[in-house]
Amino acid sequence: MKRLNSQLQQDGAQLELILLIRTLLAACKEISFRVSQGALAGVLGSTLSENVQGETQKKLDVISNQIIKDTLCESGYVKAMSSEEEEHVVPCDPDGKYLVSFDPLDGSSNTEINSLIGTIFSIFHAPQWMEPGDPSAFVQPGTQMVAAAYVLYGPSTMLAMTTGRGTHLYTLDKTHGGFLLTQANIQLPQQTAEYAINASNQRHWDTPMQRYVSELVAGKEGPRKKDYNMRWVAAMVGDIHRVLCRGGIFMYPADKRNPEQTGKLRLLYEANPMAFLIEQAGGKASTGERRIMEVVPTDIHQRVPVIMGSSEEVDYCLSCYEETKA
Ligand code: AHG
Ligand code: MN
Ligand code: MN
């Protein structure tokens with residue numbers, strides 16, 4: 001089976017980018033090991049602290065963040081990084097060529113129930129003019145990403161990665177410690193009968209999302225004239241993995257509870273990298289108003305509404321937004 005290195009070379013990735021990706025994945029393998037040890041390693045449960053997002057941090061949020069931060073800072077490839085768990089940009093090596101944004105542990109409430117969790121990251125070129133602690137270089141649109149990936153800590157540890165030449169799936173071979181290519185050039189089916197949304201928030205959604213989901217729920221008897229199935233992992237990394245494997249639509253819309261906060265998911269750490277992976281697999285990713293990867297962030301912790309997955313289903317959902325505007 002092909003190794004990650006060969007696939008990255010075949011896709012034209014520069015040597016320094018390959019080395020950075022390998023460094024990041026070394027950190028993810030360490031997280032994978034800690035996660036698999038669970039209660040035996042004393043890594044489960046919450047801390048007494050909150051992160052900048054106002055969420056109580058799990059021990060694994062803090063441990064994973066520290067592992068990635070230490071590994072990247074020592075590598076020499078990274079000028080600065082931003083993390084969901086860090087209030088400010090973390091300066092690293094002034095000569096580093098890359099910027100990394102990451103969600104060290106996605107779906108961390110799932111640690112309590114031994115269910116799916118993962119790490120999500122994206123890589124940008126670091127502008128030469130940039131001082132390592134300067135946040136302004138992070139506010140580039142997702143179209144500037146040079147790579148995006150997630151590592152899913154499930155029954156197998158899997159990696160989905162793109163450098164802009166397709167999305168490939170790898171599986172961690174724990175016997176020799178490498179990621180081996182298990183599915184190249186994933187192509188999402190354009191149509192689907194499976195959707196993912198936290199339906200308990202329904203009363204707070206905007207009007208187009210209310211209408212769209214009510215049509216899915218109506219099934220064969222409704223305007224879509226087919227039955228849909230619903231899944232919700234409560235970890236975006238798990239839901240997007242399912243969508244990459246067999247198609248579907250994943251949504252986390254804005255809701256009316258907090259008009260200041262446009263959705264729950266974070267552009268830099270969740271929406272952008274997943275949008276790149278989905279688009280490279282032939283899918284679509286939108287906020288309801290524009291392509292996610294074209295959003296120019298104003299803040300490193302910015303949140304956006306997310307609608308992504310099989311292209312025809314995303315288009316239908318977006319048509320509900322268009323009709324409301326008209
Ligand atoms: P995180 O654990 O990094 O804070 O992210 C959790 C996110 C995302 O992964 C998931 O889709 C969503 O929150 C789940 O939200 P609900 O609490 O609404 O299920
Ligand atoms: Mn997350
Ligand atoms: Mn997280």
Using Cα-Cα distances under 8 Å and only pairs 6 or more residues apart, what relative contact order does the chain have, in percent? 16 percent
Angle, helix 59-75 long axis vs. longest principal axis of the chain, Cα atoms, 0 to 90°, nearest 10? 50 degrees
Students often forget the sequence filter, so: which lysines lie under 29 Å Cα-Cα from Lys59 once same-chain residues fewer than 8 apart are removed? Lys29, Lys69, Lys79, Lys174, Lys264
Around Ser109, under 11 Å between beta carbons, what's the net of Lys plus Arg minus Asp minus Glu among the other residues? -3
Rounding to the nearest 10 and keeping the result within 0 to 90°, find how far the Cα-based axis of helix 15-37 lies from the longest principal axis of the chain. 80 degrees
Centroid-to-centroid separation of region 294-319 and region 107-186 [C-alpha atoms, Å]: 19 Å
Highest GNM mean-square fluctuation among Ser83, Ser136, Ser32, for the chain with Cα springs under 10 Å, belongs to Ser136
Compute the FRET efficiency between Glu260 and Asn185 as 1/(1 + (r/R0)^6), taking r as their Cβ-Cβ distance and R0 = 51 Å, and round to the nearest 0.05. 0.80
Using 0.36 nm times the number of residues separating Arg203 and Glu294, minus their current alpha carbon distance, what extension gain do you get? 29.9 nm
Could you give the angle, 0 to 90 degrees to the nearest 10, between helix 311-325's Cα long axis and the longest principal axis of the Cα atoms of the chain? 60 degrees
Using a 1.4 angstrom probe on heavy atoms only, work out the carbon and sulfur share of the accessible area of the chain in %. 49 percent
Using C-alpha positions alone, give me the convex hull volume of the chain per residue in cubic angstrom. 132 Å³
Among residues other than Leu169 whose Cβ falls under 13 Å from its Cβ, what is the net charge (Lys/Arg +1, Asp/Glu -1)? +3
Could you tell me which of Cys92, Ala27, Ser108 has its Cα farthest along the dipole of region 4-183 towards the positive end, charges placed at Cβ (Lys, Arg +1; Asp, Glu -1), taken about the Cα centre? Ala27
Can you pull out the trypsin sites (Lys or Arg not before Pro) in region 264-318 that DSSP calls coil and that have at most 13 other Cβ atoms within 10 Å? Arg290
Averaged per residue, the 1.4 Å probe accessible area of the chain, protein heavy atoms only, in Å², is roughly 43 Å²
If you add up the charges near Val237, with Lys and Arg at +1 and Asp and Glu at -1, over every other residue whose beta carbon is less than 12 angstrom from its beta carbon, what do you get? -3
In percent, how large is the relative contact order of region 61-184, given Cα pairs closer than 8 Å and 6 or more residues apart? 16 percent
Size of electric dipole in the chain: Cβ of Lys, Arg +1 and of Asp, Glu -1, about Cα centre, debye, nearest 20: 940 debye
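The values are calculated or read from the model by the stated rules, or taken from the named source; none is laboratory data. No experiment lies behind these values; they were computed from the predicted model shown. Note: ideal-geometry Cβ built from the backbone for every residue, glycine included; neighbour counts use all protein chains shown. Accessible surface is based on the protein model in full, side chains and every heavy atom, while ligands, DNA and RNA are left aside. Shrake-Rupley method; radii C 1.70, N 1.55, O 1.52, S 1.80 Å.
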